[in-house]
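What follows is a single structure, written as structure tokens, with notes after it.
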Amino acid sequence: DSRDYDREVESVCPFCGVGCQVSLKVKDNKVVYVEGINGPANEGRLCVKGRFGFDYIHHDHRLTKPLIRREDAPAKGLNVDPDNWQEVFREASWDEALDFAANGLKGRGREVAGFGSAKCTNEEAYLFQKFIRQGFGHNNVDHCTRLCHASSVAALLENVGSGAVTATFNEIENADVAIVIGANPVENHPVAATYFKQFAKRGGKLIVMDPRGQALKRHATHMLQFRPGADVSMLNAIMHVIVEEGLYDQQYIEGYTENWDAEKAHLADYAPERMAEICGIDAETLRAVARDFATAKAGMIFWGMGVSQHIHGTDNSRCLISLALMCGHVGRPGTGLHPLRGQNNVQGASDAGLIPMFLPDYQSVMDDGVRSAFTEVWGSGDFSNEKGLTVTEIMDAVHTGDIKAMYVLGENPAMSDPDVEHARDALAKLDHLVVQDIFLTETANYADVILPASAFAEKSGTVTNTNRQVQMGRPAVTPPGEAREDWAITTELARRCGMAWDYKSPADVFAEMKRNMRSLENITWDRLDRENAVTYPSLSPEDPGQAIVFGDGFPRPEGRARFTPASVIAPDDVPDAEYPMILTTGRQLEHWHTGSMTRRSAVLDAVEPEANCSLHPSTLRQLGVDPGGHVRLTTKRGSVVVMARADRAVAPDMVFLPFAYVEAAANILTNSALDPYGKIPEFKFSAVRVEKA
Ligand code: SF4
């Protein structure tokens with residue numbers, strides 16, 4: 001009976017950025033089931049992943065001993081069977097593996113790069129960026145935020161002065177109107193979606209904008225299924241109407257913003273009647289949406305990777321920020337800007353400085369005063385004042401021979417990078433690859449040494465969700481075999497690379513983080529242990545934290561937010577006669593990112609066991625493919641064969657492909673062209689040819 005348990009431990013769901021609090025029920029050192037508890041973001045609710053996606057932690061593929069590549073192993077490639085890895089790797093003691101890992105890294109300076117993880121805790125993320133900066137003297141350290149909301153953060157920092165959300169998603173309870181754009185929360189942030197549905201049920205106007213239809217449409221006042229990549233033309237048209245009809249909030253604009261005249265002048269060219277053909281939404285609908293949003297007392301905007309993963313991702317977010325500002329929909333109850341974060345700790349890992357241009361709390365690496373404040377706390381000499389390389393730039397630098405060694409913690413670039421064969425070739429080329437993970441992932445296939453790490457339910461540490469809520473994760477079971485907690489592994493590796501680290505626990509790391517992170521003021525380890533969650537900023541030791549920020553100005557010069565006009569830019573890889581359709585990629589409800597966890601969860605894998613893509617029924621008919629048959633998808637980068645589903649939510653010239661399946665890896669097809677500001681690849685738009693397989 002799974003309801004029979006010995007202990008229960010409160011922690012945080014390891015999947016999405018909603019950050020649902022859970023109670024892990026434990027028997028015989030195994031998690032036997034999971035219940036939602038009353039966390040600030042979930043109030044007892046869980047989705048199918050949080051409820052059923054826990055058994056991967058006990059999967060027999062878990063790494064239990066350090067592994068070192070055999071000298072007679074075959075050439076590096078995606079060629080290791082997790083059930084039969086002995087042909088490629090041999091078991092090693094921790095001492096041997098750590099020495100081997102450290103010897104391949106130390107003394108190599110700029111030849112070393114690091115990928116940390118948004119799946120690890122804040123303390124682990126902090127240690128990882130410190131490891132690269134202190135140990136190797138530069139900033140070549142990044143993580144999957146680069147592939148997620150880097151463009152949103154670039155636009156928010158530029159125009160609002162802070163990369164985090166201005167209001168929690170739960171604030172929708174106080175809104176009259178809400179826009180959800182380029183996000184599919186029913187599948188990707190399911191518990192947040194329950195709040196959105198409740199909002200619609202009590203009469204709130206829900207406006208969904210997405211090139212792909214979705215379940216939230218059933219609750220929407222307006223569903224704008226716009227042309228892929230046409231976000232800027234649609235949003236500028238909506239803002240044009242607000243200007244033309246005088247619906248903007250003049251008092252707010254004068255009191256709290258700058259550059260309004262430039263924005264206003266820029267929007268003159270974007271009449272909805274002109275933009276309708278480009279964005280595929282008729283002018284009357286664009287006008288109706290503009291009026292609904294601008295005239296509401298309180299409005300919120302939520303967005304996801306449909307907005308951010310474009311070469312114009314930063315421009316998309318600039319438009320959303322401008323739209324909220326011109327209506328005065330920031331800083332009050334029921335208003336705000338909220339990019340829904342993907343990974344459970346992508347907010348926290350970014351806050352902790354796991355990015356190449358910023359130290360913790362988004363303090364610039366180029367600022368001498370900032371760097372010396374950190375080196376003082378770290379007790380070591382200076383490191384470079386140059387921004388480091390981002391995720392995709394690091395792979396390019398491997399190909400040019402500038403990066404020769406990498407330390408990868410909990411990331412899976414052999415599945416998650418765009419144009420993934422390019423990334424796999426780079427991993428194969430490295431002189432020395434250290435991978436720290438819980439499974440022999442696709443990336444670990446290329447490793448020289450693999451360090452077995454801990455799953456969320458096996459360690460202590462804090463994580464920060466999409467709402468800026470710092471939450472306490474607790475160990476419920478011990479790691480399998482000789483696997484260790486990630487903070488302890490990085491600490492040991494740092495010592496062997498010559499750094500004088502002396503942490504005894506994650507609490508020690510958290511205490512050090514607080515010394516240079518104002519966002520953690522009034523938040524202590526003990527307080528988190530008592531209260532489970534505190535939202536930052538917290539104004540006093542009693543304040544649960546501010547759900548809404550910037551009611552009295554912004555952390556920018558003179559306290560003013562900025563309007564940055566955005567122009568229409570075509571996608572990088574436009575369809576032509578050879579590749580006539582549009583490929584877009586994303587997630588599914590049951591599977592998480594590269595699938596390493598959810599494809600090893602029995603219930604989730606049973607519900608969604610096979611690689612699939614979605615095509616409109618009319619497209620399938622034209623191809624002569626029955627639903628459930630197979631199609632070949634080919635782009636300029638490569639080709640995959642995958643089962644096809646009939647799905648009316650997808651436009652006839654589009655195909656949607658989830659990226660969780662190694663046997664039909666979506667990123668073999670995707671384009672690595674980057675947004676120039678956020679350096680995020682254009683995962684959401686590639687020209688593709690679809691054929692019967
Ligand atoms: Fe976990 Fe997100 Fe589902 Fe909550 S909504 S249970 S955090 S996956």
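The values are calculated or read from the model by the stated rules, or taken from the named source; none is laboratory data. Note that the structure is a prediction, hence the values are computed from the model and not measured. Backbone-built Cβ (ideal geometry, glycine too); neighbour counts: all protein chains shown. Surface areas here come from the heavy atoms of the whole protein model, side chains and all, with no ligands, DNA or RNA. Shrake-Rupley method; radii C 1.70, N 1.55, O 1.52, S 1.80 Å.
Within segment 69-184, what whole-number % of the accessible surface is contributed by carbon and sulfur, with the 1.4 Å probe and all protein chains included in the calculation?
42 percent
Determine, from the Cβ-Cβ distance of SER540 and SER93 and an R0 of 56 Å, the FRET efficiency 1/(1 + (r/R0)^6), rounded to the nearest 0.05.
So the FRET efficiency works out to roughly 0.70.
Mind checking which aspartates and glutamates have their Cα closer than 18 Å to the Cα of LYS387? Skip sequence neighbours fewer than 8 apart in that chain.
Partners within reach: GLU111, ASP142, GLU158, ASP351, ASP361, ASP367, ASP368, ASP396, ASP402, ASP675.
In segment 380-439, what percent of the accessible surface is made up of carbon and sulfur (1.4 Å probe, ligands and nucleic acids excluded)?
42 percent
With a point put 7 Å past each Cα toward its Cβ, work out how far ASP526 is from ASP367 in nm, to one decimal.
Once both label points are built, they end up 3.1 nm from each other.
Loop only per DSSP, at most 12 neighbouring Cβ atoms within 10 Å: give me the GluC sites (Glu not before Pro) in segment 39-99, ordered by residue number.
GLU71
Would you work out which of LEU147, ALA268, ALA113 lies farthest towards the positive end of the dipole of the chain? Charges go on Cβ: Lys and Arg +1, Asp and Glu -1.
Positive-most Cα among the choices belongs to ALA268.
Just need the relative contact order of segment 446-590 here, percent rounded to a whole number, with Cα pairs under 8 Å and 6+ apart.
So the answer I get is 16 percent.
To check you understand DSSP bridge types, tell me what percent of the beta bridges within the chain (both residues inside) are antiparallel, rounded to 5.
Here the share of antiparallel DSSP bridges comes out near 50 percent.
Pop the C-beta distance of HIS630 and ASP269 into the FRET formula with R0 = 41 Å and round what comes out to the nearest 0.05.
Calculated transfer efficiency: 0.35.
What ³J(HN,Hα) values, in whole Hz, does the Karplus curve 6.51 cos²θ - 1.76 cosθ + 1.60 give for segment 522-538 when θ = phi - 60°, with x put for Gly and Pro?
Taking θ as phi minus 60°, the curve returns 6, 10, 10, 4, 5, 5, 5, 5, 6, 9, 6, 8, 9, 7, 9, x, 10 Hz for segment 522-538.
First select every other residue whose beta carbon is under 14 angstrom from the beta carbon of GLU521; then total the charges, Lys and Arg +1, Asp and Glu -1.
In short, +1.
State, to one decimal in nm, how far the label point of ALA428 lies from the label point of GLU482, with both points 7 Å from Cα in the Cβ direction.
Using points 7 Å along Cα→Cβ, the separation is 3.0 nm.
Return the loop-located trypsin sites (Lys or Arg not before Pro) in segment 190-236 (DSSP other than H, G, I, E, B) with at most 12 other Cβ atoms within 10 Å of their own Cβ; answer none if there are none.
Within segment 190-236, the qualifying trypsin sites (Lys or Arg not before Pro) (loop, at most 12 other Cβ atoms within 10 Å) are ARG202.
Are there GluC sites (Glu not before Pro) in segment 376-406 that DSSP marks as loop and that have at most 14 other Cβ atoms within 10 Å, and which are they?
GLU386
Length gain on complete extension for the stretch GLU663 to ARG648, per 0.36 nm per residue less the alpha carbon to alpha carbon distance?
2.9 nm
Taking the simple approach of a point 7 Å from Cα along Cα-to-Cβ for both SER567 and ALA262, what is their distance in nm?
1.3 nm
Let me cross-check HIS630: its accessible surface, 1.4 Å probe, with only protein heavy atoms counted, in Å² to the nearest 10?
For HIS630, the solvent-accessible surface is approximately 80 Å².
Using the heavy atoms of the protein chains and a 1.4 angstrom probe, tell me the accessible area per residue for the chain in square angstrom.
Accessible area per residue: 33 Å².
Relative contact order of the chain: what whole-number percent is it, with Cα pairs under 8 angstrom and at least 6 residues apart?
With pairs under 8 Å counted, the relative contact order is 20 percent.
For LYS197 and GLU71, compute 0.36 nm times the residue count separating them, minus their Cα-Cα distance, and round to one decimal in nm.
39.7 nm
With n ≥ 4 as the cut-off for DSSP H runs, can you work out [θ] at 222 nm for the chain, using -39500 (n - 2.57) per run divided by the number of residues, rounded to the nearest 500?
-8500 deg cm²/dmol
For all pairs of alpha-carbon atoms in the chain, what percent lies in each bin of width 10 Å, listed from the first bin to the last filled one?
Percent of pairs per bin, in order: 3, 16, 27, 28, 19, 7, 1, 0.
Quick one: compute the contact order of segment 347-485, relative version, from alpha carbon pairs under 8 angstrom and 6+ residues apart, as a percent.
Normalised by residue count, the contact order of segment 347-485 is 16 percent.
What's the extension gain from THR295 to ARG474 if we count 0.36 nm per residue and subtract their Cα-Cα distance?
59.9 nm
Could you calculate the FRET efficiency of LYS27 with GLU578 from 1/(1 + (r/R0)^6), where r is the beta carbon distance between them and R0 is 60 Å, rounded to 0.05?
0.55
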